[in-house]
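Read the structure below first, then the notes.
The values are calculated or read from the model by the stated rules, or taken from the named source; none is laboratory data. Every value quoted in this text rests on a predicted model; they were computed, and no experiment measured them. Please note: Cβ atoms are built from the backbone with ideal geometry, for glycine as well, and neighbour counts cover all protein chains shown. Please note that ligands, DNA and RNA were not included when accessible areas were found on the heavy atoms of the full protein model with its side chains. Shrake-Rupley method; radii C 1.70, N 1.55, O 1.52, S 1.80 Å.
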Amino acid sequence: MGLKEARKRAGLTAKDVALSLGVTFQNVYNWENGSYLPPSKRLPELAKLYGCTVDELLGGGGQDGA
């Protein structure tokens, strides 16, 4: 699962994420479209916000079939 899919599964908009993390909407957009990855310190925050693991955010699987 990618960043955009994880955000949508969590029922959040990119604006919600930007406000929660104190970043710009453009940052979230760039993370999702692959222009660049979020800083490593943001990955645990994103995973918690999205209700998944960092590995899942980065496309490493870890799906439990739920």
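Observations on the structure shown:
- Proximal charge balance of P38 [Cβ under 12 Å; K/R count +1, D/E count -1]: +1
- With the convex hull of the Cα atoms taken as the outline of the chain, the averaged projected area works out to 4.0 nm².
- Subtracting the Cα-Cα distance of K15 and R42 from their residue separation scaled by 0.36 nm leaves 8.1 nm.
- Here is how the number arises for the chain: DSSP H runs of 4 or more residues each give -39500 (n - 2.57), the sum is divided by the residue count, and the result at 222 nm is -14000 deg cm²/dmol.
- Positive end of the dipole of the chain (Cβ unit charges, origin at the Cα centre): among P38, T53, Q26, the Cα lying farthest that way belongs to Q26.
- On the chain, 53 percent of the accessible area sits on carbon and sulfur atoms, based on a 1.4 Å probe.
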